[in-house]
Amino acid sequence: MPSDAPTDGLSAWADIDLDAIRDNVARLGELAGDADVMAVIKGDAYGHGLVPVAGAALAGGATYLGIAQLGEAMAARVAGVTAPILTWLFPPGADLVSAVRADLTLSAGAPWALAEIAAAARATGQTARVHLKVDTGLGRGGAWRDDLAGMLVDAARLEAEGVLDVEGIFSHFVYADAPDHPTVRAQQETFGAILEDAERAGLHPRIRHLANSAATLTNPSARFDMVRPGVSIYGLSPVPDIGGPPHFGLREAMRVVARLINVKDCPAGQGVSYGHQYTTKGDTRLGLVPLGYADGIPRHASGVGPMQVHGRRYTVAGRVCMDQMVLDLGADSPAVAGDEVVLIGREADGEPTAQDWAAAIDTINYEIVTRLGPRVPRRYLGGQ
Ligand SMILES: *Cc1c(COP(=O)(O)O)cnc(C)c1O
């Protein structure tokens with residue numbers, strides 16, 4: 001939705017502040033010094049909307065976009081995003097011919113991937129741009145150093161033949177959110193050793209990258225040629241114990257608002273919602289919020305998810321249902337049907353935040369924003 005779209009009559013919506021995303025990317029660019037910024041916009045831009053966020057991130061100075069899943073990267077191209085895009089998750093047999101034609105940069109973290117990318121390049125007659133993915137200790141994607149030797153030789157040969165351009169090489173941290181954890185230094189040392197292996201094999205990748213948001217914010221020695229922040233471009237802190245968004249000069253881009261669709265008086269002692277897990281303590285008023293787990297509100301947030309109405313903070317009364325949940329507004333609440341309920345806002349404005357929801361159910365802010373479902377329309381502010 002455009003920013004001037006009326007919200008009258010909507011059950012709920014999410015305002016996405018594209019200027020905040022632009023400014024956050026610019027801020028991360030400052031913190032990154034001479035390194036470039038790849039804005040990570042996987043998972044529908046962490047729930048914020050792939051294509052509008054791509055534009056805002058590029059306006060903030062990002063030179064590359066990172067999109068984990070090949071299908072989502074292709075969707076960005078189809079939607080007209082022309083900037084460089086790195087994609088790193090696809091299975092054997094994926095349509096890499098289309099990917100090469102779409103000028104996507106493909107990650108190769110195993111011999112089969114290198115072979116399939118080379119075959120796709122030959123089929124198109126184009127040189128395929130590749131970033132080698134190495135596992136420096138995360139124990140997830142990418143090739144271990146010991147298994148990389150053959151891939152480096154093959155990649156150098158394919159590059160000499162003009163089949164591949166090995167533009168980059170990258171890895172990912174285990175514990176970037178704990179900057180003093182010994183794995184951080186160990187992974188950087190392994191990455192450095194692998195870069196030397198690559199040079200010895202005749203490869204000279206121009207874009208070496210390792211730092212996610214947490215490392216970008218806390219660890220200048222991990223910058224290399226490009227940083228790869230995701231969650232921080234949306235104004236969320238990957239290290240809430242160290243500091244929230246304002247501490248890092250970031251601001252939250254997503255604001256989720258619902259409208260009360262029913263407010264009714266209720267006597268003391270009334271059980272509320274399925275299972276009557278909550279019982280009213282005195283005469284009160286109940287407000288019905290038309291969002292539920294079908295919209296990505298965690299059912300685990302029953303009893304604990306924070307919301308704000310008329311400047312007052314509440315938590316979900318009783319269970320979160322599929323499409324709705326209840327607030328015990330108190331007998332003196334001025335709220336009426338149609339009034340706004342803030343679910344996710346900005347720490348600096350004293351509103352409940354994605355981080356508050358995450359803390360309430362023992363998860364991370366990433367999951368809270370990413371899971372917000374497609375039934376909640378996004379309204380895009382700024383970005384002109
Ligand atoms: C998701 C992801 C990122 C971004 O991580 P944040 O913690 O959100 O900054 C960077 N690199 C890779 C490989 C990722 O999968």
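Remarks
- Value of relative contact order over region 33-233, rounded to a whole percent, pairs C-alpha under 8 Å and six or more apart: 19
- Stokes-Einstein D for region 287-384, Kirkwood Rh over Cα pairs, 37 °C, 0.692 mPa s (µm²/s): 236
- Helix-derived mean residue ellipticity, 222 nm - over the chain, DSSP H n ≥ 4, -39500 (n - 2.57), to 500: -8500 deg cm²/dmol
- Computed over region 211-309: relative contact order in percent, which uses C-alpha pairs under 8 Å that are six or more apart: 17
- Principal-axis tilt of helix 145-160 within the chain, Cα atoms, nearest 10 degrees: 60
- Global size of the chain: 23.5, 79 Å for Rg and Dmax (C-alpha atoms, Rg to one decimal, Dmax whole).
- Counting only Cα atoms, the size of region 33-233 along its three principal axes is 46, 40, 28 Å, in decreasing order.
- Here each label is just a point 7 Å from Cα along the line to Cβ, and for ILE261 and THR127 those points are 5.7 nm apart.
- Between SER221 and ASP283, the FRET efficiency estimated from the beta carbon spacing at R0 = 56 angstrom works out to 0.40.
- The trypsin sites (Lys or Arg not before Pro) of region 77-170 meeting both criteria, a DSSP state outside H, G, I, E and B (loop) and at most 16 other C-beta atoms within 10 angstrom of the site's C-beta, are ARG140.
- Cβ-Cβ FRET estimate between THR363 and THR183, R0 fixed at 25 Å, reported to 0.05: 0.70
- Relative contact order [Cα under 8 Å, 6+ residues apart], the chain, whole percent: 19
- Taken as Cα centroids, region 317-358 and region 72-143 sit 43 Å apart, rounded to the nearest whole angstrom.
- Packing rank of 18-26, 208-216, where each peptide gets the mean count of other beta carbons within 10 Å, highest leading: 208-216, 18-26
- With Cα atoms, 0 to 90° folded angle of helix 18-31 axis to the chain main axis: 50
- Lys, Arg +1 and Asp, Glu -1 on Cβ, resulting dipole of the chain about Cα centre, debye, nearest 20: 500
- FRET efficiency for GLN69 and ASP332, using Cβ-Cβ distance with R0 set to 56 Å, rounded to 0.05: 0.70
- Taking label points 7 Å from Cα along the Cα-to-Cβ direction, ARG101 and HIS300 give a separation of 4.3 nm.
- Remark: the ARG200-ASP241 segment gains 10.6 nm on full extension, using 0.36 nm per residue and subtracting the alpha carbon distance.
- For region 1-64, the convex hull spanned by the alpha carbon atoms encloses 80 Å³ per residue.
FYI, it's all coordinate maths here, none of it is from the lab. The shown structure was predicted, so the numbers you read here are calculated from the model rather than taken from an experiment. We place every Cβ from the backbone using ideal geometry, glycine too, and count neighbours over all the protein chains shown.
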